[in-house]
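**Q** Please see the structure below; I have some questions.
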Amino acid sequence: MPAPTQPGDDATPEGHIVLDARDISRALTRISHEILERNKGPEDLVLLGLHTRGVPLARRIAERIESVEGTPIAVGSLDVTMYRDDLRSHPTRGPQKTVVPAGGIDGRTVVLVDDVLFSGRTIRSALDAVNDLGRPSTVRLAVLVDRGHRELPIRADHVGKNLPSARSERVSVRLDEIDGHDEVRISQIGAKP
Amino acid sequence: MKHLLSINDLDVDAMRMIFDTAAEMHDVQHREVKKLPALRGRTVINLFFEDSTRTRSSFEIAGKWLSADTINITGKGSSTSKGESLRDTVLTVCAMGVDALVMRHHASGSAQQVSEWVDAVVINAGDGTHEHPTQALLDAYALELKLGSLEGRRIAIVGDLTHSRVFRSNVLALTKLGADVTVVAPPTLMPSGIDAWAKASGFSTSYDLDEVLPGADAVMMLRVQRERMNGAFFPTAREYTVRYGLTRDRLATLKPDTPILHPGPMNRGLEIAADAADAAQSLVLDQVSAGVAVRMSVLYHLLAGEETA
């Protein structure tokens, strides 16, 4: 599970920026091309963004693919709250909207999109959630940042940046749609500004 | 919040949270695979000492769709009919390792009492003439789906108020959500002391249905609970219908899109005419479908997270 990246955390920016807005933009453009190349075109592609920050990332990737290919790309969102393995160790949180694009996911290529890949547990939950929604022909994973420390045999197919990090560090992704600006920052957990 | 015994256990934020989650659950209801793993390995017992079709089956479906194991125990056919006390019954059931008790009992306050005896989460599915909180939550949720915000909306609750736990929970829930509630009943079925309560909670009372109906944004008809009546509350059923029933004539005085609610089971021809029950504006079946979503939401919020002390 990625370290919490709540809006408002950045009232006192700390640590240092590892990706700025231009880096994020370039990474997403590259990921978009990789997805197209891997899928041999835009046919049957469905992008599912994982809440919270995977949702705008999926939309941005879809826009890039649309501008290259000139065809609309199906985008949806996936909430994995109900599928988490750590439900019992937190106070309950309400689920967010799961939106499956028209046409469903049966027989199509689903690309899960998330901001940070860390333990892999969120993706495990997402695979279970996808399983309840239908039967895609292929499921792939695109992440903006892979920070290592996997706890499950899960890997990403498309990575914006590999960011070796210590467990004691926090990787925070900020996106314009949610936080008002784009950046990826790494900081020490508990560090005082 | 450990139990759900009364609408008073919830503030507006908690109700909002339940509705938001219910909206997601409503989507699951329309999926091919109606299953979420959130309550896997948890056990929910429906302990019903009074008859019920929709509440019990709706709690059972809600629990099953969240992957909980749900078991039904009814008063008839259980050891209660051999004379076992309520306390012994619930302690026995809980000794099996139960996480939640969904309970309906004819004694007001029984859910509260049971919650003091057991460690399990207790959900009140109707205690005597006291409360039926999930019914009020699903009514408010179904109404919001139709009307949007209930702030300032004029809602009439009509019928046998004295014996109605649905009315008590609904008044609490709807006034919390800002609705302008008027309750209508014959003087014999108006609970004693309601004026003080109405004044404190900000709702109105009336004996005249025809005066209230034209201004209403929604009408909730309540069942005439003959099984709880041990006296003469009105001269004849016919007279009740004429004065307080949602008849075909009264239906015509409503706006065509004014929602009509009834918690069921309906006495067709007594408090509600078939024309009204089956009208396009009737939410009776929407209430049932909202019931599953809202009960999934309630079970999820009470059972999925870490244990609260």
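**Q** Could you identify which residue out of B:Thr205, B:Thr80, B:Thr258 has the top mean-square fluctuation in a GNM of chain B using Cα springs shorter than 10 Å?
**A** B:Thr80
**Q** Just want to confirm a number: the relative contact order over the range B:143-201, from Cα pairs under 8 angstrom separated by 6+ residues, in percent.
**A** RCO, the range B:143-201: 40 percent.
**Q** Same structure, new question: Scaled to the compact-protein estimate 2.2 N^0.38 Å, what is the alpha-carbon radius of gyration of the range B:42-201, rounded to two decimal places?
**A** 1.14
**Q** Can you give the mean number of other chain Cβ atoms that lie within 10 Å of the Cβ atoms in peptide A:84-92?
**A** Mean number of neighbouring Cβ atoms from other chains: 5.
**Q** Could you estimate the translational diffusion coefficient of the protein assembly as shown from the Stokes-Einstein equation, with Rh from the Kirkwood formula over C-alpha pairs, at 37 °C and 0.692 mPa s, in whole µm²/s?
**A** Answer from the Stokes-Einstein relation: 129 µm²/s.
**Q** While we're looking at this one, here's another question. Which of B:Arg56, B:Arg154, B:Arg40 moves most in a GNM of chain B, Cα contacts under 10 Å?
**A** Residue with maximal mean-square fluctuation among B:Arg56, B:Arg154, B:Arg40: B:Arg40.
**Q** Per 5 Å bin, what percent of the C-alpha pairs of the range B:203-292 does each bin hold, from zero upward?
**A** Histogramming the range B:203-292 at 5 Å steps yields 3, 13, 24, 25, 19, 11, 5, 1 percent.
**Q** Roughly how compact is chain B, stated as its Cα Rg over 2.2 N^0.38 Å to two decimals?
**A** Against the compact-globule rule of thumb, the ratio is 0.98.
**Q** Shape of the range B:112-186 from its Cα gyration tensor (a ≥ b ≥ c, root eigenvalues): rounded if a/c is under 1.5, otherwise prolate when a/b > b/c, or oblate?
**A** Details: a/c = 2.92, a/b = 1.56, b/c = 1.87.
Judged from the Cα gyration tensor, the range B:112-186 comes out oblate (a/c at least 1.5, b/c at or above a/b).
**Q** Using the membrane-span-like helix rule (whole DSSP H runs, Cα extent along the own axis of at least 24 Å, mean Kyte-Doolittle hydropathy at least -1.0), which helices of chain B qualify? Provide the component values of the computation, followed by the final result.
**A** Working: long enough: B:12-29 (25 Å, 0.05); B:284-303 (28 Å, 1.19).
Membrane-span-like by this rule: B:12-29, B:284-303.
**Q** Order of B:259-269, A:156-166 by packing, highest average Cβ count within 10 Å first?
**A** B:259-269, A:156-166
**Q** Remind me, relative contact order of chain B in percent, using alpha carbon pairs under 8 angstrom and six or more residues apart?
**A** Once normalised by length, the contact order is 21 percent.
**Q** Just to compare against my own numbers: the Cα pair-distance distribution for the range A:119-193, 10 Å bins, whole % per bin, please.
**A** Answer for the range A:119-193: a P(r) of 16, 39, 34, 10, 1 percent.
**Q** Compute the projected area of the convex hull of the Cα atoms of chain A, averaged over all viewing directions, and report it in nm² to one decimal place.
**A** 10.7
**Q** Then there's this: Quick one: which residues, 5 or more positions from B:Gly75 or on another chain, have an amide H under 5 Å from its amide H? H modelled 1.01 Å from N in the peptide plane, none for Pro or chain starts.
**A** The answer is B:Phe48, B:Phe49, B:Glu50.
**Q** Provide a whole-number value for the mean count of partner chain Cβ atoms within 10 Å of the Cβ atoms in peptide A:125-135.
**A** Whole-number average of other-chain Cβ neighbours for A:125-135 is 2.
**Q** Okay, moving on. Step by step: find N for the range B:133-287, compute 2.2 N^0.38 Å, then divide the Cα radius of gyration by it. What's the final number?
**A** Output field value: 0.94.
Quick note: the coordinates plus some simple rules give every number you see, no bench work behind them. Every value quoted in this text rests on a predicted model; they were computed, and no experiment measured them. Every residue, glycine among them, receives a Cβ derived from its backbone with ideal geometry; neighbour counts consider all protein chains shown.
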